[in-house]
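Structure record follows, encoded as structure tokens.
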Amino acid sequence: MNLHEYQAKKILATFGVKVPYSINALNIEETVYAAKKVFKKTKEYICVIKAQIHAGGRGKGGGIKISKYIDDVYKKSSNILGRRLVTNQTNNKGKIVNKVLISEYVFNTEKENEYYISIFYDRNIYKNRILYSKEGGLEIESKYRYKKIFLQKIDPYIGIQDFLIRKIAFNLKIKYSAFIRFKTFIRNIYNAYIYSDASLLEINPVFITKNNEILAIDAKVILDDNALFRHMDYKEMYDEKEYDLIELEAKKAGLNYLKLDGEVACMVNGAGLAMSTMDMIKLYGANPANFLDLGGKADSKCIKKGFDIILKDKKVKIILINIFGGIVRCDLVAEGIINYFNKSINKKIILRLEGTNVNLAKKLINNSIINNSIIYVTSLEEAANKIKKIIIK
């Protein structure tokens, strides 16, 4: 589950990480009120207006503005709130900005003290990783900065040890006068990552002031959905407005669905099989329209909901159904398909069924009115070849 910046900072603050003073605002009036409070708190007439969307690259996209005085806050907030913000992490349509963060401006000292730090789990080595660089701020992914990025693995059973923190501080060339606070900072963000059950915690930039205070200026946190039962307060941070309406409908129905831009819809049971299906479609020159994992409960009701969601995408030309009947029974899948298309089918359907009761499933479809509309295949490769011929034709 993705979090907004203000939500990520709220979690960090509970673990003792210092963040700039800031207030969330949902409309222009609230931005003015928030700015006045920030001015009063900091005793300076300057603040930062930050668009709150689930995407990076907001600064380059025009979603982060430095503002002075109330009139300027009003004007710049009006140009951000309610508008679509396009960044390098959104599609061409961008995302609507429904809220902004009015934040304290802290860059009143040398800007060379900006760093990048992120923590994530590396499934290849079954360990946590800390990725860090002296080059914090914009365009951390550029080739020039890639040469200055360090990577440190952390055994999750042991945790982060003092000698590893010293190594990180040495590579970042942290001044001795700031080391004690830096050590506390690293421990706090690591604890935040572990105990919030995050899959990613990213701070860019980390800023060290001339007084050796260490601040998380911006923060990105992705929580593990499977651990939300341990964090009911975090569950309330889910923002439905940030998600595609079809994806949201699928989520509420208990389906794993992600909309893509292709023309071949996939209906599959099992995430691994779904990924393989998408890869095969792409390999043969077509593009998947979605990721749809029905899971182990692919009964008639589930099949119907899957079709409802797939057919809302007007780009879909072909539907590929790839079901392995391990837990699920193939005859129940067949019944779901027959019941849904009991009159006519206006899409090409390619069907691959294997496993429990597969012969019964085929018999049911052969005896139904939709028999002539179904293209049977026995392998993913055969399915991809059929798709290729239809698309080219």
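The values are calculated or read from the model by the stated rules, or taken from the named source; none is laboratory data. These numbers come from a predicted model, not from an experiment. Here the Cβ is made from the backbone with ideal geometry for all residues, glycine too, and neighbour counts use every protein chain on show. Each accessible area value is taken on the protein alone, full model and side chains, heavy atoms only, with ligands, DNA and RNA left out. Shrake-Rupley method; radii C 1.70, N 1.55, O 1.52, S 1.80 Å.
With respect to the conditions (1) touching a Gly at 6+ places or on another chain (Cβ under 9 Å); (2) surrounded by fewer than 18 Cβ atoms within 10 Å (Cβ to Cβ), D225 falls short on a single one, namely (1).
Of the helices (runs of 4 or more DSSP H) lying entirely inside segment 221-301, the ones with 3 or more residues being of a type in the set (A, V, I, L, M, F, W, C) are found at 245-252, 271-283. Taking the criterion of being open to solvent by 10 Å² or more (accessible area, probe 1.4 Å), more than 20 Å from N191 (Cβ to Cβ) and in a helix (DSSP H, G or I), the residues of segment 7-39 that qualify are I28, E29, E30, V32, Y33, K36, K37, F39.
Here I309, I281 are screened, and the one residue that is open to solvent by less than 60 Å² (accessible area, probe 1.4 Å) and closer than 16 Å to L380 by Cβ is I281.
Every listed requirement among (1) closer than 25 Å to G295 by Cβ; (2) assigned to a helix (DSSP H, G or I) is met by L351 save one, (2).
Here's the yes/no breakdown for (1) under 16 Å from I319 (Cβ atoms); (2) among the β-branched types (V, I, T):
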| residue | (1), (2) |
| --- | --- |
| E335 | no, no |
| Y340 | yes, no |
| N346 | yes, no |
| I350 | yes, yes |
| E354 | no, no |
| N359 | no, no |
| K362 | no, no |
| N366 | no, no |
| Y376 | yes, no |
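Let's see how each residue does on (1) farther than 30 Å from T31 by Cα; (2) modelled with pLDDT of 95 or more; (3) loosely packed, with under 12 Cβ neighbours inside 10 Å:
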site	(1), (2), (3)
T90	no, no, no
E110	no, no, yes
I117	no, yes, no
R123	yes, no, yes
S133	yes, no, no
L138	no, no, no
I154	yes, yes, no
I165	yes, yes, no
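For segment 59-86, filtering for residues that are open to solvent by less than 100 Å² (accessible area, probe 1.4 Å) and modelled with pLDDT under 90 leaves 2. Kindly list, by first and then second residue, each pair from a residue in segment 217-233 that is farther than 21 Å from Q52 by Cα to a residue that is modelled with pLDDT of 95 or more and assigned to a loop (DSSP other than H, G, I, E, B), limited to pairs with Cβ atoms under 6 Å and residues at least 6 apart or on different chains. What qualifies is A227/D197.
Is at least one residue of segment 212-219 under 17 Å from Q7 (Cβ atoms) and within 20 Å of the chain's Cα centre (by Cα)? Yes, some residue in segment 212-219 is under 17 Å from Q7 (Cβ atoms) and within 20 Å of the chain's Cα centre (by Cα).
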